[in-house]
Amino acid sequence: MIHLDRIVLREIRLPLREPFRISSGEMTERRILLCELFDADGASTWSECVVDDAPNYSPETLDTAWPTITRFLAPRLLGRRVETPGEVFALLEQDVRGHNMAKAALEMGCWAIAAEQAEMPLARLIGGTRERIATGISLGIQRDVHALIAKAEEALAAGYQKVKIKIAPGRDVDWVRAVRTAVGHDAHLMADANNAYTLADTDRLLALDDLGLMMIEQPLAWDDLVRHAELQRKLRTPLCLDESIVSLERAQDMVTLEAGRIVNIKPGRVGGFTASLRIHDYCESVGVPVWCGGMLESGIGRAYNVALASLPNFTLPGDLSPSARYWAQDVVTPEWTMDAEGMVQVPLGMSGIGVTVDRKRIESLTVRAEELRAR
Ligand code: OSB
Ligand code: MG
């Protein structure tokens with residue numbers, strides 16, 4: 001049983017080792033929202049709300065998630081007894097529209113509390129079966145095509161099993177073709193447009209069809225399915241939806257409309273693990289492969305992604321780069337690493353999220369904190 005009596009929210013600032021640019025914006029430093037959850041029985045854990053500073057990926061930001069949690073979401077959990085973490089999503093969904101990342105931070109934290117109570121690794125509690133997970137890298141938009149080629153070659157040499165190239169109009173077909181020529185036809189490449197195109201760009205997108213990409217991620221609007229379906233009818237390359245899939249129902253709609261053939265599951269975007277598990281199971285039942293995306297999480301958010309990606313239908317490499325790719329120093333020990341085969345180990349040797357949170361470091365990075373208690 002889960003019975004939270006205290007939640008502490010914190011904002012920390014963590015500078016990225018290099019700026020990360022996507023078609024809709026650039027990040028140099030992450031403003032990260034962390035939650036610490038305390039159960040009345042003594043169990044506690046950390047979770048991460050994967051919002052960013054600006055609403056260029058989803059409508060949520062750190063500054064919308066914070067008051068949504070304090071005013072609307074945390075009061076529903078604090079002081080309440082809940083039998084299983086699988087009930088938390090419905091509790092947070094009831095009459096609260098949207099704010100999936102805010103919901104997910106608390107919902108996933110409840111799963112980790114349950115894992116602590118059961119003395120089980122989170123990955124096993126949710127039904128994960130893998131011990132190692134194939135990893136891909138997401139390469140931000142580079143200064144020029146030469147820089148992009150160098151990054152892609154470096155990533156493949158390091159063992160990454162998939163290279164995702166962020167694209168935008170003018171930095172797309174020629175750039176991806178140049179990478180393909182440099183790395184050869186066997187390398188697993190894909191492109192992610194983060195909504196940079198419309199159907200008026202169909203010819204340009206069709207030119208990507210000859211480059212042997214595993215998939216093209218979210219070329220059209222963040223909330224669109226119908227136009228993605230129109231595009232998919234013309235493309236041989238599978239479309240993968242990211243931004244558009246905010247719930248099980250949207251994943252079902254994607255399949256019904258044939259708007260895409262692959263789903264990128266980010267637990268924050270869909271409201272947590274319960275929704276992620278439903279989408280995973282549904283996709284498995286209709287033969288749609290899924291993989292785990294990333295939001296430049298700290299090592300805390302990464303722990304949840306790794307646990308989720310250990311489920312059986314996560315058959316494609318996830319955006320689960322090791323800590324050192326993002327940060328000079330992560331907030332967890334051990335830091336997340338990847339072996340030479342591009343595999344991340346699922347931590348199965350301890351209960352809960354599988355890493356130890358460096359509280360001293362988090363305290364030194366904290367710019368604000370707020371404690372919430374059962375009333
Ligand atoms: O579209 O997948 C995306 C990062 C921020 C916002 C959106 C996306 C991304 C990434 C980075 O691609 C994935 C990672 O965490 O390495
Ligand atoms: Mg994406």
> In the set A196, A191, A259, which member is farther than 28 Å from M27 by Cα, crowded, with 20+ Cβ neighbours inside 10 Å and not assigned by TED's automatic domain parsing to the domain that holds N100?
Replying inline: A259
> What residue, among those in the range 347-375 that are outside any strand (DSSP E or B) and basic (K, R), is surrounded by the fewest Cβ atoms within 10 Å (Cβ to Cβ)?
Replying inline: R375
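Specify which of the listed residues (I165, I149) is of a type in the set (A, V, I, L, M, F, W, C), outside any helix (DSSP H, G or I) and either out of contact with any Cys (no Cβ under 6 Å at 6 or more places or on another chain) or in the same structural domain as D339 (by TED's automatic domain parsing) (or both). Give the derivation first.
Details: I149 fails: outside any helix (DSSP H, G or I).
That would be I165, the only listed residue that is of a type in the set (A, V, I, L, M, F, W, C), outside any helix (DSSP H, G or I) and either out of contact with any Cys (no Cβ under 6 Å at 6 or more places or on another chain) or in the same structural domain as D339 (by TED's automatic domain parsing) (or both).
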>> Could you check the range 176-211 and list, in sequence order, the residues that are assigned to a loop (DSSP other than H, G, I, E, B) and out of contact with any Leu (no Cβ under 7 Å at 6 or more places or on another chain)?
In response: G184, H185, D186, H188, A193, N194, A196
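So if I check each of P312, P289, which one is within 16 Å of ligand 2 (Cβ to nearest atom) and surrounded by fewer than 21 Cβ atoms within 10 Å (Cβ to Cβ)? Steps first, please.
Values: P312 fails: within 16 Å of ligand 2 (Cβ to nearest atom).
Only one candidate passes the filter, namely P289.
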> Looking at G109, is it out of contact with any Asp or Glu (no Cβ under 9 Å at 6 or more places or on another chain), away from ligand 1 (no atom under 16 Å from the Cβ) and part of a helix (DSSP H, G or I)?
Replying inline: no
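The values are calculated or read from the model by the stated rules, or taken from the named source; none is laboratory data. What you see is a predicted model, and the numbers here were worked out from it, not measured in a lab. Here the Cβ is made from the backbone with ideal geometry for all residues, glycine too, and neighbour counts use every protein chain on show.
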